[in-house]
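Working notes, beginning with the structure itself.
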Amino acid sequence: MTAATAAVLGLAACSSAPKEDPNSQANLEKLYAEAKEDMLSGSYDRAIKTLERIEGRAAGTTLGQQAQLDLAWANYKSGERVQAVTVLDRFIKLNPSSPALDYALYMKGLVNFNDDLGLFGRIARQDISERDQQAARDSMQAFKQLVEQFPESKYSEDARIRIDYITNSLAAYEVHVARYYYNRGAYLAAANRGQAALMEFQYAPALEEALFLMMQSYDKLGMTQLRDDTRRVLVASFPDSSYLTTGKAKPKDKAWWQIW
């Protein structure tokens, strides 16, 4: 009887033991350690699933914030740029006073800044200024917000350099479009696009060609006053411009596969 009673009591004790809480700090930290190991080994898909679980279970905590940032990075490294930006936007919205907000803004700028051309773009040597520039504009906006809100952040100096690069890229894009219109005889559209570049990007190197395309377009349209005014601006801004001596645009380098 004594042995039987002890066995029954033992079974009762086992059945009443509390289950391990999956949301406990210890379990969440264990999951996070597993996710970090997966990221270090390049297993980003597996890390993403684990980090999503942590983000949901640890919402509002420091660990939850860290999981969000790592989740954004893992998505970016696995080629999911849009998803990475979505996670970062969520972090920025939900954690406006987080000490990691400057890093989140910097990462958002980087994700968009490094928007890949794709294999064909690299093979064809496609210029960054010839692509749709929405990702570049989104990147510049994030970097500008970082610099304005956190001028002393350790990420701000690099952000300023990237802002300059993006500004030049966007100006070159506007000139690329203006050149496209000019070469197809759409002279008014070319002049307007060059004017847009002048208004938005006042110090970019690409404005030299923008002024030249405007001057040529106005000449084709018979707008002699605007042509002469634009030429004076070109002379004052770029006195050594080759456009003034050659009277034509510089030839663009061809990709290795182009034979025409």
query = Filtering the range 159-172 down to residues that are touching a residue at least 24 places away in the same chain (Cβ under 8 Å) and open to solvent by 50 Å² or more (accessible area, probe 1.4 Å), which residue is nearest to Ala191 (Cα to Cα)?
reply = Asn168
message = What are the pairs with Cβ atoms under 8 angstrom where one residue, in the range 81-105, is closer than 14 Å to Gly60 by Cβ and the other, located anywhere, is small (Gly, Ala, Ser) and surrounded by 20 or more Cβ atoms within 10 Å (Cβ to Cβ)? Sequence gap at least six, or different chains.
response = Phe91/Ala72; Phe91/Ala104; Asn95/Ala104; Ser98/Ala104
ask   = Which helices (runs of 4 or more DSSP H) does the range 1-95 wholly contain that include 2 or more residues that are modelled with pLDDT of 90 or more, touching a helix residue (DSSP H, G or I) at 6+ places or on another chain (Cβ under 7 Å) and among the hydroxyl-bearing types (Ser, Thr, Tyr)?
value = 44-57
key: Pairs where the first residue, in the range 26-40, is within 17 Å of Ala72 (Cβ to Cβ) and the second is surrounded by 19 or more Cβ atoms within 10 Å (Cβ to Cβ) and of a type in the set (Ser, Thr, Tyr), C-beta under 6 Å, 6+ apart   = Ala35/Thr50
request  = Determine, yes or no, whether Gln134 is modelled with pLDDT under 90, surrounded by fewer than 16 Cβ atoms within 10 Å (Cβ to Cβ) and under 13 Å from the mean Cα position of the chain (by Cα).
outcome  = yes
Checklist (1) open to solvent by 60 Å² or more (accessible area, probe 1.4 Å); (2) touching an Asp or Glu at 6+ places or on another chain (Cβ under 8 Å) applied to Gln202, failing item = (2)
inquiry  = Just the residues that are open to solvent by 50 Å² or more (accessible area, probe 1.4 Å) and assigned to a helix (DSSP H, G or I), please, taken from the range 139-157.
reply    = Gln141, Lys144, Gln145, Glu148, Gln149, Glu157
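The values are calculated or read from the model by the stated rules, or taken from the named source; none is laboratory data. A quick note: this is a predicted structure, and the numbers were derived from the prediction, not measured. Glycine also receives a Cβ, built like all others from the backbone with ideal geometry; neighbour counts cover every protein chain displayed. In case anyone asks, the SASA skips ligands and DNA or RNA and just uses the protein heavy atoms, side chains included. Shrake-Rupley method; radii C 1.70, N 1.55, O 1.52, S 1.80 Å.
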